[in-house]
Amino acid sequence: MKEERIDRLYDLLPGVYRKRDAELGQPLRALLRVIAEQVNVVEDDIAQLYENWFIETCEDWVVPYIADLVGYRAVHEAGEAGSPATPEGLARNRILIPRREVANVIRSRRRKGTLALLELLAMDVTGWSTRAVEFYQLLGVAQNINHLHLARGCSVDLRAGDALDRLDGPFDEIAHTVDVRRINSHRTQGRHNIPDVGLFVWRLKEYSITKAPAYYLERRRRNRDRNRYTFSVLTNDTQLVTLPIREPEPTHVADEMNVPAPIRRRAFDERTADYYGAGKSILIWVGDLDHPVPVKNIVAADLTDWVYSPQGDQVAVDPRLGRIALASDRDETDVWVSYYYAFSADVGAGEYERPLRPPFNRKLYRVSQQRKAGDPDYFESIGEAIDAWLRDRASHADAIIEIDDSGSYSERIKELKLKSGERLEIRARNGSRPVIQMFDLRASRGDGMVVSGIKDENDSGRAPQFILDGLVIAGRALRIRGRLSRVMIRNCTLVPGWSLGHDCEPENEVEPSLELFNTTAQVNIEHSIVGSILVDQNEVTSDPLRLNIFDSVLDATGVDYEALGVSGPGRATAHVLLRIVRTTVVGQINTHAIELAENSIFMGRVKVARSQLGCVRFCYVPSDSRTPRRYNCQPDGVIAGVNDSYQKVLAEMRVRPRFNSLRYGMATYCQLSNSCAEEIKRGADDESEMGVFHDLFQPQRTANLRTRLDEFTPAGSNAGIIIAN
């Protein structure tokens, strides 16, 4: 509470009383502070009571009551509302009873039957970008010569390359024959018929990368292989997406610039200025960060085999693969890029907003590769910042090293030996996504980032703590060892397989991303993407290491590899007490015990040594696993009561989770497929999906949208949802 609010009553006293009170040690001031604290509570409650009358400013728990006043009807198919007294219930209610839809419910009823309303309705209900299409306008029919409809679908013109490029997509304009299947069929979805209206939805969101170095491909076999770059600093091909712009008016139907759609080569070629420039989807700097490449020098090209070679000052860009090519005769130079990629949620490192610990009473060391020369407030490398803290550690035991840009830091970080009572946090500033590229110097594992806790024999202080927040770590593993009280990995990406190929295949698929060696730390992993975890813990002299994983991906790069395992021969399970919630695991789990597993997906076999301890609930666990007692898990639920072995196999195969991709670097990484069984897509304890994207509540959004479409679509029309990504 601010000082002036605490002393508001005391400041009203005449000066003579305050002077006398100061002579007595200010007992009156202390009393009035207690009274003022309660006065402020009552005053704030009265102010909030007024705010709660309006849907724009009310608290989350008030939204259902205002919805009831305006006649908003909740969709029971999406599930029942949660308790407003819990954070989980409030998060669920934000999806079941969206604030924006409640605010616009009366306006939506007045505009019922209009095409643009369906787009606005979908945005209010789900938050997804959408485009509505009346499929009767794309039917190939003979028109009346006295009443031509020039805007309707036309016959195929083989010279119309752009129209052919958009065929069967959300922006198709070519005529089709009649499709008699209903668009809202729960079996096979049709499209082109007179009563059909389709709503294309983009579930993936656009995420920015700002002024990051492009990766220079040094391997070449021919002279023309020079000056080749990838937008992704991890060398993988990345589909660039559009930064959506706001639609000009409520009656406007969305086009390619209004949704986070993949940027097509032909569209980029024909409308380069719409996509390239400051504040737009793509921006490139060559050799000079102060002057971006002008739009006249940008050339759209197909760089699949690096055959195209630009000339002079031209910069060739392939938005489909995320590649850049300069003229072969140009000198090798640095290239920086700003662009947007697609992903499902705020998981792993990214430039999205996240809560950060304020640097009050803590020494803050800022790092930036783009700092001005001679700026004393910034360090150019992480190693320089660490060296500065080591010099100051006697007076600043609690320190933060904050990286201010989205640069690539290719350096070998010395072993961090933390003493008792120290707390070190290495993090990215909000709005940045730095990448730490470990040097691959030796065949041994000694080149990774090593964090250890040390303690003198006579030292009985609190064990040190280490925090990583918002970073991408590639090239090597993070190693934790020694006496530590806690290790926190939050909003980070420890690249599975260390590094990626151009097709997102891991380069070192069996190598771990996190190694834990005889440490006392409690390891917490939150909202992160982590490769396999290797544990070497003394089972005789130490208790099981506590490992907590929440809202994350644990990816061993293959279901047959160990996602959590033990190093050294003769051991079967890692000496770990695991707690895992809302997580997708690609690989096998071999651990001492599972305290709790909830709303998670285990794609590989799970094996625990102590099956009598803990609980596994609302998870998918392969049937050949050894786990604690299971409750409402799959495939147990679908094979219960099935006696025929063949039918059991079929049931297990049906509910096995299906993903659009299990390769890190792909836009649809760990996203459940549309063909995935409902027992998985709605198998969590609150009827949301199992796995890392549980908190998106996508089944509830879809059920809400489907019901609203039926309510606001004119009689005689059929409306259906089509997933664009």
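Structural remarks
- Breaking point among (1) β-branched (Val, Ile, Thr); (2) buried (at least 16 other Cβ atoms within 10 Å of the Cβ); (3) assigned to a loop (DSSP other than H, G, I, E, B), for THR333: (2)
- Residues of region 281-295 that are touching an Asp or Glu at 6+ places or on another chain (Cβ under 9 Å), surrounded by 18 or more Cβ atoms within 10 Å (Cβ to Cβ) and either not in a loop (DSSP other than H, G, I, E, B) or not hydroxyl-bearing (Ser, Thr, Tyr) (or both): TRP285, VAL286, VAL293.
- Each residue in region 522-570 was checked for being closer than 22 Å to VAL495 by Cβ and outside any strand (DSSP E or B), and 13 of them qualify.
- Evaluation of ARG94 against (1) at pLDDT 80 or above; (2) among the charged types (D, E, K, R); (3) surrounded by 12 or more Cβ atoms within 10 Å (Cβ to Cβ) (one fails), failing number: (1)
- Among the numbered conditions (1) closer than 19 Å to GLY587 by Cβ; (2) exposed (fewer than 14 other Cβ atoms within 10 Å of the Cβ), the only one that SER645 does not meet is (1).
- The sole residue among ALA388, ALA394 that is more than 21 Å from ALA212 (Cβ to Cβ), out of contact with any Asp or Glu (no Cβ under 7 Å at 6 or more places or on another chain) and surrounded by 14 or more Cβ atoms within 10 Å (Cβ to Cβ) is ALA388.
- Scanning region 705-717 for residues that are surrounded by fewer than 21 Cβ atoms within 10 Å (Cβ to Cβ) and either in a helix (DSSP H, G or I) or modelled with pLDDT of 85 or more (or both) yields ARG706, THR707, ASP710, GLU711, PHE712.
- Residue within region 622-633 that is in contact with a Pro (Cβ under 9 Å, 6 or more places away or on another chain) and closer than 21 Å to VAL586 by Cβ present: yes
- Residue within region 176-190 that is farther than 28 Å from PRO714 by Cβ and in contact (Cβ under 8 Å) with a residue 12 or more places away in the chain present: no
- All conditions in (1) surrounded by fewer than 17 Cβ atoms within 10 Å (Cβ to Cβ); (2) under 28 Å from ILE284 (Cα atoms); (3) among the hydrophobic types (A, V, I, L, M, F, W, C) hold for TRP202, with the sole exception of (1).
- Applying the condition of being among the hydrophobic types (A, V, I, L, M, F, W, C) and touching a residue at least 40 places away in the same chain (Cβ under 8 Å) to region 616-635 and asking which residue is surrounded by the most Cβ atoms within 10 Å (Cβ to Cβ) yields CYS619.
- Answer residue from region 668-687, given it is assigned to a loop (DSSP other than H, G, I, E, B), touching a residue at least 60 places away in the same chain (Cβ under 8 Å) and not charged (D, E, K, R) and is surrounded by the fewest Cβ atoms within 10 Å (Cβ to Cβ) among those: THR668
- Some residue of region 387-408 being in contact (Cβ under 8 Å) with a residue 12 or more places away in the chain, part of a helix (DSSP H, G or I) and under 22 Å from GLY448 (Cβ atoms): yes
The values are calculated or read from the model by the stated rules, or taken from the named source; none is laboratory data. Model, not experiment: these values are computed from the prediction. All Cβ positions, even for glycine, are placed from backbone atoms using ideal geometry, and neighbour counts span all protein chains on display.
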